[in-house]
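After the structure tokens below, expect a handful of questions from me.
Taken together, the values in this text are just the output of simple stated rules run on the coordinates, not laboratory data. The model shown is predicted, which means the values in this text are computed figures rather than measured ones. Backbone-built Cβ (ideal geometry, glycine too); neighbour counts: all protein chains shown.
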Amino acid sequence: MEYVNPEGLRLDGRRPMEMRQLRAEIGVISKADGSAVFEMGNTKVIAAVYGPREVQNRSQQLNDQALVRCEYSMANFSTGDRMRKPKGDRRSTEISLVIRQTMEACILTHLMPRSQIDIFVQVLQADGGTRSACINAATLALADAGIPMRDLVTSCSSGFLNGTPLLDLNYLEDSAGGADVTVGILPKLDKVTLLQMDAKLQMDTFENVMQLAIEGCKAVASYIREILLENTKQLESRRGI
Amino acid sequence: MLQSKSFVKKTKQGRVVKVVREHYLRDDIYCGAPLCKVCDVAASRLSSTASTILVVDTNVVLHQIDLLENPAIDDVVVLSVVLEEVKNKNLGVYNRLRALCSNSQRRFFVFSNEYHKDTYVKIETGESPNDRNDRAIRVAAQWYQNHLGSAVRVLLITNDRDNKKKAVTDGILAETVESYVKSLGQPALLDLIVQPPSDDVTMEDAEDLRPSKRKTIYPEHKPMSEITSGLHRGIYHQGKLRVNRYNPFEAYVGSESIGDEIIVYGRTNMNRAFDGDIVAVELLPQDRWQEEKSLAIANDEDEEEDDVHLAPSSADDAPRVPSSAGDKNAMPTRPSGRVIGIIKRNWHSYCGSLDPMPMPAGEGGIAHALFVSKDRRIPKIRMQTRQLGNLLDKRIIVAVDSWDRLSRHPSGHYVRTIGEIGDRDTESEVVLIENDIDARPFSSQVLACLPPLPWSVSAEDISNPIRQDLRHLRVFSVDPPGCKDIDDALHCMLLPSGHFEVGVHIADVTNFVHPGTPLDDEAATRGTSVYLVERRIDMLPKPLTEDVCSLRSDVERLTFSVIWEMTPEAEIISTRYTKAIIKSCAALSYVEAQARMDDSRLMDPLTTDLRNMNVLAKIMRQKRIERGALTLASAEVKFQIDTETHDPLDIGMYQIREANQMIEEFMLAANISVAKKILEHFPPTSLLRRHPSPTKEMLEPLIQTAAAVGLCLDVTSSKALADSLDRAVGEDPYFNKLIRILATRCMTQAVYFCSGDLSPPEFCHYGLAAPVYTHFTSPIRRYADVIVHRLLAASLGICRLPDIFQERPRLTSIADNLNYRHKNAQMASRASVELHTLIYFRNRPTDTEARILKIRSNGFIVFVPKYGIEGPVHLMARGQKEGGKWIVDEQQQKIKKIDGQDSYGVLQTVRIHMEVVEPQPNRPKLQLTLI
């Protein structure tokens, strides 16, 4: 199948180096300490953060740092065919772990010993790149909750189809069977905190694909920063400063 | 950048699901006209002087692609909605359209109207997708007119009456294809237009109106839904229709559901199916199987004659004889059926000429003519032309458009003229076109991949650690005389231990042909060099084939070498593979090499090497034969061509010398060693070559013929067959060779395959009795060898394995293409030899000796060893099957004169007279008569 036509357009009209439209909203769940909705095209993810709070299960308490927990789930209506998915299947356990590790790397856990931070992410609508969208949503929610972080973590995926590196795969491109590289970075520190790839790639093409994903992450970071700034301004005006 | 999430679509994947996809609309899609002031003109494709820009409708592309390919039509805007529709309806046309769009000589521009913010149209409620697409085309045409202003006329070409009407109402200029082409004032172009089905009247109407004149000739095709349900229930069988190359009224459908081939006799039963179509077949009741067969032959009045042709060299190009031919009374064992529907058409364009016909009285008017394809499997095609006088003695290309059930012949249209019939160049081109061989010169992109010329081995190459310096060795090559693309050379050295070091050095083509380059892609599509009698069509550009890669004498060349250490008993002790640099000291011909070995006075080192190698080769050959390798024979002929006129001066059998066998032996050994090595390293992705064991049925004709002369052959294994072939010695010396030739043509050809697709026992090469085999030794002229070189280099860790080896399906498709190209190349060579045989005998009626191969009801088929051809000798006139002066016993394969004077049997020698006759003007053929 032709994923990039000779005119250089992808199936949905994007060019290879273009991302889908981003949209984000902060503070969508009032009960949570921090929450956010993040959209990448038709992929829509909601994240809620509780904490830092007292550790619920005392045996898990860490005396030198905070305990970060993460739960990922997909809404039953998130894909086209409504399917009841068992909770805690392999896929969601894996993604939970990936998100937890990525977020843990940027939260300054040592500042909050003997406490617990819960991150809940749920996919409302899935159209490829859910992993990245979850991480971006979680970053926003953590920032909203005011949890101290080293830097924002942002994530984006990229792939390689028809001999062209493609940024931000949608579901159709994701299921084409080519490689799918998901990268998470700390944009200010310029460090990679997450790197996943299924399928195989040549070493040199991989470099290109990964570089493209990093560019994507940086674009997401600048967008997220904008959103946070705007949010802060609103908070300011609400407080009447 | 604009965006709208508007594209909502329902698709069916077993069940109905709603699919929501994003659809981004853009403002950076340009119009492609260089005179545009708004758009970026860097990528513009249309001409700056064009006064008219054409926007084509989908139906125009689908039906008139031949017209679009004509250079007279240019400055065409192809909309992405049209591309998409064409892709869904006909992939072949889509590929041709894409080729047009990417051809830099033509001015076709693809405008992505579906992604442009101004030309995207949303489907309206109650509007059918078809209407929406038509509207999108009109909107795009209108946008173009507004965008480019009055300087340019934007013309919508459509044959859809409704679309045209609406366009005119919208204020868009619109014309039909016919009126546009007429306005161009080139009458020859009009022939390219496909005539729309005569009227819009339906079948029933036509029958009602003219019941006497138009009678239904073919049964109706069943509707698709009925076919699908029939296939499900097992009443119908699906498969690809293959028409017998030698009898166009007989076709086979290989059906998986029955596990056997279904025979379809006669045009009525074939029901308008062409060779290569995917059809649905219904089985006939068993008692009608035989009856249908005789009926089919009697019914079709235009039954054609067998022609004299080149003796086949394998089962793939031999006529297929139904096994039941001998015993007429027995129940036929193979099912026969009739086509009830065509699932997928395999129509393309065909090469041939018009049926001779008198010129109609009115000059210049439209004439109807019948087109006869060169390929006998294709029925005659009805066509219209305005240039009949021009075309009558020409070879032309015609494309098929339709075949309705009221007409005996399919209708088609003229595409282009190749040249005059009988002209050698024309006929050679026909051979190339018929076999799908690309003989165009290499494109500039391909030539750009060549190393800078003049090329010589650089210091870099010499210092490269992966390359061993073997320039000190006494390397030489042995090839046919006049060979310019020398891809193999050898050396042989006596080691102090008493063992021999034998090296096979193969041109290092992969050093110049890198994966993924245009050069590599071109070579992959061409697949192989094609050798015609008077010319060679190279797989790689000439500088590579004849200079840079060719291992000529006294120049340093890069090679990929296989080096063995062998005992004097030809036992391989160790094998080494390396890239190397050599300097060949002599490029010998087979004759020279043979003469050196035979001349006992010569004692120079080179001759000694030759003799040593010959001794080793003989032992290796003996061992191979003991393993069960078959010594096969074929009747290859060799032409002597006049250097000035390129006419054949003489033909004769190709002579095989000891030197040929010696080289062959070492090449086989190298191929086997390499096959083992790559299979060991890359078990799932090696490219190997296998030769399937022939089935009992395939060997049946051989056994029958042998039995007729009182010979019993054991065909249980290749070893048994080889032994019994050795024992088959008749009273005359040629007998054994003849039997071997017959054996060879019973077998299929060896094929390339990807090792992951089959299980190891199937890798076996029957003819060579080798468990694994591949092609390594001719990378200049075969692409398979290039792939094997890459595999071998990767297995040695010299270079990385290219991407394609990571995808098995792609490797499989490469192997399939190689097999297809290989087969075509062989067919083309054979056709070329046939053509030259005809030219040779044109002025030289000859008497010669021939062997009877098979007795038929009206004569026999003979094989002429001297010229490698075979053909029918008719003892009785056609139609007169019984009576006459001869009594035929097909069962015993004997033919006798009524007065008992003369009798002939199979394999007997007869004297025949060969002469070229022209039963119809411009259609020469070779005729054989008994003296």
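Using 26 Å as the Cα-Cα cut-off, could you pick out the over-long pairs in A:Lys200/B:Lys823; B:Lys344/B:Lys823; B:Lys87/B:Lys380? Please list the in-between numbers first.
Numbers: A:Lys200/B:Lys823 35 Å; B:Lys344/B:Lys823 24 Å; B:Lys87/B:Lys380 29 Å.
Listed pairs above 26 Å: A:Lys200/B:Lys823; B:Lys87/B:Lys380.
If you rank B:Glu556, B:Glu626 by fewest surrounding Cβ atoms within 10 Å, what's the result?
Numbers: B:Glu556 14, B:Glu626 11.
So the residues, fewest neighbours to most, are B:Glu626, B:Glu556.
Could I ask something else about it? With N set to the number of residues, divide the alpha-carbon radius of gyration of chain A by 2.2 N^0.38 Å and report two decimals. Before the final figure, lay out each step's value.
Numbers: Rg = 18.2 Å, N = 241, 2.2 N^0.38 = 17.7 Å.
Its radius of gyration relative to the 2.2 N^0.38 Å reference: 1.03.
Please arrange B:Thr744, B:Thr176 by counting, for each residue, the other beta carbons lying within 10 Å of its beta carbon, fewest first.
Working: B:Thr744 21, B:Thr176 18.
Least crowded to most crowded, the residues run B:Thr176, B:Thr744.
Counting only C-alpha contacts under 8 Å and six or more residues apart, can you give the relative contact order of the stretch B:509-634 as a whole percent? Each step should come with its number before you reach the end.
Details: 102 pairs, mean separation 18.7, N = 126.
Computed over the stretch B:509-634, the figure is 15 percent.
Quick one: Cα centre-to-centre distance for the stretch B:571-603 and the stretch B:793-819, in angstrom?
A separation of 32 Å, based on Cα centres.
Over the stretch B:706-789, what portion of Cα pair distances is larger than 18 Å, expressed as a whole percent?
On the way: 1966 of 3486 pairs.
Taking all Cα-Cα pairs of the stretch B:706-789, the fraction more than 18 Å apart is 56 percent.
What's the Kirkwood radius of the stretch B:693-747 in Å, using all Cα pairs?
Working: mean 1/r = 0.0898 Å⁻¹.
Here the Kirkwood hydrodynamic radius works out to 11.1 Å.
For the residues A:His110, B:His491, what sequence is obtained by ranking on other C-beta atoms within 10 Å, fewest first?
Working: A:His110 11, B:His491 21.
By the 10 Å Cβ count, ascending, the order reads A:His110, B:His491.
A follow-up question, please. In the neighborhood of B:Glu429, defined by Cβ-to-Cβ distances under 14 Å, what is the net charge if each Lys or Arg adds +1 and each Asp or Glu adds -1? Walk me through the intermediate numbers first.
Values: positive: B:Lys374, B:Lys394, B:Arg395, B:Arg416, B:Arg424, B:Arg440, B:Arg535; negative: B:Glu420, B:Asp423, B:Asp425, B:Glu427, B:Glu434, B:Asp436, B:Asp438, B:Glu534.
Result for the neighbourhood of B:Glu429: -1.
Relative to the Cα centre, what is the charge dipole magnitude of the protein assembly as shown, using +1 at the beta carbon of each Lys and Arg, -1 at the beta carbon of each Asp and Glu, and rounding to the nearest 20 debye? All intermediate terms of the calculation are to be shown ahead of the outcome.
On the way: 144 positive and 156 negative charges, 525 e Å.
The dipole magnitude comes to about 2520 debye.
Mind running the shape call on the stretch A:156-241? Use the C-alpha gyration tensor, a ≥ b ≥ c as the square roots of the eigenvalues: rounded below 1.5 for a/c, prolate if a/b tops b/c, oblate otherwise.
Working: a/c = 3.78, a/b = 2.45, b/c = 1.54.
Prolate is the answer for the stretch A:156-241, as a/c is 1.5 or above and a/b outweighs b/c.
In whole Å, how far is the Cα centre of the stretch A:142-181 from that of the stretch B:117-195?
Their Cα centres are 43 Å away from one another.
Based on Cβ point charges of +1 for Lys and Arg and -1 for Asp and Glu, what charge dipole magnitude is obtained for the stretch B:25-185 about its Cα centre, in debye rounded to the nearest 20? Before the final figure, lay out each step's value.
Numbers: 20 positive and 21 negative charges, 35 e Å.
Charge dipole of the stretch B:25-185: 160 debye, to the nearest 20.
Hey, what do the phi angles of the stretch A:61-73 turn into as Karplus ³J(HN,Hα) couplings, whole Hz, using 6.51/-1.76/1.60 and θ = phi - 60°, x for Gly and Pro?
Along the stretch A:61-73, the couplings run 4, 10, 7, 10, 8, 7, 8, 9, 10, 9, 10, 10, 8 Hz.
For the stretch B:340-349, just list the computed ³J(HN,Hα) in residue order, Karplus coefficients 6.51, -1.76 and 1.60, θ = phi - 60°, integers in Hz, with x standing in for Gly and Pro.
Going residue by residue, I get 10, x, 10, 7, 8, 7, 10, 6, 9, 9 Hz, with x marking Gly and Pro.
Just to confirm my numbers, what's the Cα centroid distance between the stretch B:363-440 and the stretch B:445-518 in Å?
47
Which of the aspartates and glutamates could a cross-linker bridge to A:Lys218, judged by Cα under 17 Å and excluding same-chain residues fewer than eight apart?
A:Glu18, A:Glu39, A:Asp151, A:Asp168, A:Asp190, A:Glu207, A:Glu226
Then there's this: Over the stretch B:348-421, what relative contact order in percent results from Cα pairs under 8 Å that are six or more residues apart? Could the numbers behind the result be given before it?
Values: 164 pairs, mean separation 24.2, N = 74.
Averaging sequence separation for qualifying contacts and normalising by length gives 33 percent for the stretch B:348-421.
List the trypsin sites (Lys or Arg not before Pro) in the stretch A:160-241 that DSSP assigns to loop (not H, G, I, E or B) and whose Cβ has at most 13 other Cβ atoms within 10 Å. Which are they? Don't skip to the end; give the middle numbers.
Values: sites: A:Lys188, A:Lys191, A:Lys200, A:Lys218, A:Arg225, A:Lys233, A:Arg238, A:Arg239; in loops: A:Lys188, A:Lys200.
In loop regions of the stretch A:160-241 (DSSP not H, G, I, E or B), the sparsely surrounded trypsin sites (Lys or Arg not before Pro) are A:Lys188, A:Lys200.
Let me make sure I get this right: for the stretch B:490-592, a, b and c are the square roots of the gyration tensor eigenvalues over alpha carbons, sorted descending. Under 1.5 in a/c it's rounded, otherwise prolate if a/b > b/c, else oblate. Which is it?
prolate
Okay, moving on. I want the local charge near B:Thr158. Using Cβ-Cβ distances under 14 Å, sum +1 for each Lys or Arg and -1 for each Asp or Glu among the other residues. Before the final figure, lay out the partial values.
Values: positive: B:Arg135, B:Arg138, B:Arg161, B:Lys164, B:Lys165, B:Lys166; negative: B:Asp57, B:Glu85, B:Asp131, B:Asp134, B:Asp160, B:Asp162, B:Asp170, B:Glu175, B:Glu178.
Combined, the nearby Lys, Arg, Asp and Glu give -3.
Per residue of the stretch B:155-161, what does 6.51 cos²θ - 1.76 cosθ + 1.60 with θ = phi - 60° give for ³J(HN,Hα)? Whole Hz please, x for Gly and Pro, Karplus curve as stated.
Whole-Hz 3J(HN,Hα) from phi for the stretch B:155-161: 10, 8, 9, 8, 9, 7, 4.
Send over the Kirkwood Rh of the stretch B:555-643, from the inverse of the averaged 1/r over different Cα pairs, rounded to one decimal Å. The partial results should precede the final answer.
Numbers: mean 1/r = 0.0611 Å⁻¹.
Averaging 1/r across every pair of different Cα atoms and inverting gives 16.4 Å.
Given bins 20 angstrom wide, list per bin the percent of all Cα-Cα distances in the protein assembly as shown, short to long.
Result, from short to long distances: 9, 30, 34, 20, 6, 1, 0 percent.
Can you tell me how chain B classifies by the Cα gyration tensor, rounded, prolate or oblate, using a/c under 1.5 as the rounded cut?
Numbers: a/c = 1.89, a/b = 1.25, b/c = 1.51.
Since a/c reaches 1.5 but b/c is at least a/b, the shape of chain B is classed as oblate.
Can you find, among B:Gln384, B:Leu370, B:Ser402, the residue farthest towards the positive end of the dipole of the stretch B:348-421? Put +1 on the C-beta of Lys and Arg, -1 on that of Asp and Glu.
Final value for the positive-end residue is B:Ser402.
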